[in-house]
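Reviewing the structure listed below.
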Amino acid sequence: MGEPAAMTLMVASAIITVACCLAAGRSVPWQGRQSVIVMALAMIGMVVADGDPRISLLAGAALLVSAMLGTAGLRGATAVRACCHRALGSLVMAVCALAGVAHGAVSSAVAMSGHGAHLGVDAVAVAATVGVVLLLAWTVADRFRPHPQGTGARLLAVESWAMTAGVVVMWAAH
């Protein structure tokens, strides 16, 4: 994974995200809470595992399932935008986790065979980069929308930025 500063930022963002989401209470449906908790556990797990491809693979699979559940049954709900944003965060984290696994597999294959990197790994890295850019753009654009005032809304804004920061750091660390 790399730098201690990046690892500390990822763990801090995971903790802040979960704390804000849970503190916001009923304004976050179960779909959003599970997304945030799975993202935090995956991020902390990948930091603690320090590049173990088995943990990255497990985290990637859990994040994909979480992204799918993150929007289940929300059509027409007021929290749908925030839950879709969290689902996008889960999806981008899953791609980043799987990109790390793919990169590690290619590094081993390259070392043994002497061949160069494969297009599939490059495509996963490009998908991760596009996902991070979209997540960051969504987070910034969402701040220009009118939001209800109150403690819950402020907590959810902090949660959104912390999640985005964690994903960006995770992407940059890989």
Kindly state, to the nearest 0.05, the FRET efficiency for residue 123 paired with residue 48, given R0 = 25 Å and r defined as their beta-carbon distance. 0.30
From the convex hull of the Cα coordinates of the chain, what is the mean projected area in square nanometres? 9.9
In the chain the accessible area split gives carbon plus sulfur, as whole percent at 1.4 Å, a share of 73
Using a Gaussian network model of the chain with C-alpha springs under 10 Å, which one of 77, 67, 40 is most mobile by mean-square fluctuation? 77
So residue 75 and residue 22, fully extended at 0.36 nm per residue minus their Cα-Cα distance, gain in nm 16.9 nm
May I ask for the angle, rounded to the nearest 10°, between helix 80-113 and the longest principal axis of the chain, with both axes built from Cα atoms and the value confined to 0 to 90°? 10
Please state the charge dipole magnitude for the chain, taken about the Cα centre, from unit charges on C-beta atoms (+1 on K and R, -1 on D and E), reported in debye and rounded to the nearest 20. 700
Compute the helix-to-body angle for 151-173: its Cα long axis versus the longest principal axis of the chain, expressed 0 to 90° and rounded to tens. 10
Give the range of the longest stretch in the chain that excludes all trypsin sites (Lys or Arg not before Pro) found in loop regions by DSSP and having at most 14 other beta-carbon atoms within 10 Å. 1-74
Taking only protein heavy atoms and a 1.4 Å probe, what accessible area per residue, in Å², does the range 1-81 have with all protein chains in place? 54
Collect residues whose amide H, placed 1.01 Å from N in the peptide plane, falls under 5 Å from the amide H of residue 51; neighbours closer than 5 in sequence don't count. none
Which angle between 0 and 90 degrees, to the nearest 10, do you get for helix 53-69 versus the longest principal axis of the chain when only C-alpha atoms count? 30
Where is the GNM fluctuation largest for the chain (alpha-carbon springs, 10 angstrom cutoff): 97, 23, 82? 23
Express in nm, to one decimal, how much length is gained between residue 57 and residue 12 on full extension, taking 0.36 nm for each residue of separation and deducting their alpha carbon distance. 14.0 nm
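The values are calculated or read from the model by the stated rules, or taken from the named source; none is laboratory data. Here the structure is a predicted model, which is why all the values come from computation and not from measurement. Here the Cβ is made from the backbone with ideal geometry for all residues, glycine too, and neighbour counts use every protein chain on show. Keep in mind that these areas ignore ligands, DNA and RNA; they rest on the heavy atoms of the full protein, side chains included. Shrake-Rupley method; radii C 1.70, N 1.55, O 1.52, S 1.80 Å.
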